[in-house]
Amino acid sequence: MTSNVWKPLDVGALRLPHRLVMAPMTRARSGSDGVPTPMNAEYYAQRASMALIITEGTQPSDDGQGYPLTPGIYRDDHIAGWRRVTGAVHENGGLIVIQLMHVGRISHPSNTPHGRQPVAPSPVRPAGKMFTEGGMFEMPEPRELSAKDIAVIVDEHRRAAAAAMEAGADGVEVHAGNGYLAHQFLSSNANLRDDDYGGSVQRRIRFTVELADAVAEEIGRDRTGVVISPTNTLNDIVEEEVEVLYGVLTRALSSLRLAYLHLNYKGDGDLVEYIRLHWPGVLLLNRGNADLEIRLLDVETGLADAITVGTHALANPDLVARLRSGAPLNEADRATFYGGDERGYLDYPTLQQASR
């Protein structure tokens, strides 16, 4: 195991004991009302030995929900549910930030509390189908957001961030990747606008920067992070001039003096090095397609300050102990990734349990 992985790291206001961070992963096991459950609290508490937990994407509003059984953080009952989660993580000695995720056009009216048409930068229907309780359906053409609508969404993120802190979170991550709303504004196929939020690179990044700035103003810049996923085509996203786009975006975000930038990228190291050049702060890196050993070396070489780990953390609640001791890892059961009960969620054995 590389030595730098076990060194502490200051991430804004947070002092991480090492450099292994749990990546956000949608698990679709919240209540139907978007309220986190005791089962969710146990799941995150089991993984509190990770240096930092970044939660699953959490909607800041009714419009922000895309999938069934995902959590919200915009009502009092949401806050109470998340307080149960954060309390369990803190009791086990961990740190946790809540990721705010507005899905934009990646939704279906059947999956939202109000049953309304999805929203997006432009009225461009995404390719693909959405899972609903009634089956798989084509995603509808979204409603184009007005400038007034955009201001409302920015304020919803601000209020959701405040709610996250009231729920006991240690910070907030703004989701600007994976084909969801902020990424849709960055793209060239989902954003066909010709106003202040579309057209040039400087205009397409505006929405993401406004979200991050609003959250940072509300809860503190040293407790705010942003995740991006350059070249990720998930959810029917097309990007042009990727280096230019993300160079401009990274520099703009760096001026906000945020706690960290979280880079989710499955390509080679060139773009990572390019973004690293334009980002002076803490960089969390998720290269999920690379072997874990190679990803750990990214910390040793300084390419990343810490790495975020998804599937390995999902299947190994004691991943830190296993890596420290060189123990074998559990294999993840992909059939239980989304939805369901405790199977594939709470029942992955720790080393101690496996030895009984």
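The values are calculated or read from the model by the stated rules, or taken from the named source; none is laboratory data. What you see is a predicted model, and the numbers here were worked out from it, not measured in a lab. When we count neighbours, we look across all protein chains shown, and the Cβ atoms used for this are built from the backbone with ideal geometry, even at glycine. Just so you know, the surface numbers come from the protein's heavy atoms only, side chains and all, with ligands and any DNA or RNA stripped out. Shrake-Rupley method; radii C 1.70, N 1.55, O 1.52, S 1.80 Å.
If you check residue 281 against the conditions, is it touching an Asp or Glu at 6+ places or on another chain (Cβ under 9 Å), over 26 Å from residue 26 (Cα atoms) and of a type in the set (Gly, Ala, Ser)?
yes
In the stretch 268-287 there is at least one residue that is open to solvent by 40 Å² or more (accessible area, probe 1.4 Å), out of contact with any His (no Cβ under 8 Å at 6 or more places or on another chain), under 25 Å from residue 248 (Cβ atoms) and not in a helix (DSSP H, G or I). Checking 295, 287 one by one, the residue that is basic (Lys, Arg), out of contact with any strand residue (DSSP E or B) (no Cβ under 7 Å at 6 or more places or on another chain) and touching a residue at least 12 places away in the same chain (Cβ under 8 Å) is 287 and no other. Please go through the stretch 299-321 and pick out each residue that is open to solvent by 10 Å² or more (accessible area, probe 1.4 Å), assigned to a helix (DSSP H, G or I) and either under 17 Å from residue 267 (Cα atoms) or in contact with a helix residue (DSSP H, G or I) (Cβ under 7 Å, 6 or more places away or on another chain) (or both). Listed by number, the residues that qualify are 300, 312, 321. You will find that of 107, 49, the residue that is touching an Asp or Glu at 6+ places or on another chain (Cβ under 7 Å) and either at positive phi or in a loop (DSSP other than H, G, I, E, B) (or both) is 49 and no other. For the stretch 27-45, the candidate set comprises residues that are crowded, with 21+ Cβ neighbours inside 10 Å and not basic (Lys, Arg); within that set, the residue that is farthest from residue 101 (Cα to Cα) is 45. Filtering the stretch 196-234 to residues that are in contact with a helix residue (DSSP H, G or I) (Cβ under 8 Å, 6 or more places away or on another chain) and assigned to a loop (DSSP other than H, G, I, E, B) leaves 196, 197, 198, 205, 229, 230, 231, 232.
If only residues of the stretch 170-204 that are over 24 Å from residue 141 (Cβ atoms) and either open to solvent by 10 Å² or more (accessible area, probe 1.4 Å) or among the acidic types (Asp, Glu) (or both) are counted, the one that is farthest from the chain's Cα centre (by Cα) is 200.
In this structure, does residue 221 turn out to be farther than 21 Å from residue 149 by Cβ, basic (Lys, Arg) and surrounded by fewer than 20 Cβ atoms within 10 Å (Cβ to Cβ)? Yes, satisfied.
Among the residues of the stretch 52-81, what is the count of those that are of a type in the set (A, V, I, L, M) and assigned to a loop (DSSP other than H, G, I, E, B)?
Adding up the residues that qualify gives 2.
Among the residues of the stretch 110-159, those that are open to solvent by less than 40 Å² (accessible area, probe 1.4 Å), part of a loop (DSSP other than H, G, I, E, B) and hydroxyl-bearing (Ser, Thr, Tyr) comprise 112, 122. Selection over the stretch 1-21 of residues that are farther than 16 Å from residue 282 by Cα and open to solvent by less than 30 Å² (accessible area, probe 1.4 Å) gives a count of 1. Filtering the stretch 322-350 to residues that are open to solvent by 60 Å² or more (accessible area, probe 1.4 Å) and part of a helix (DSSP H, G or I) leaves 324, 325, 334, 335.
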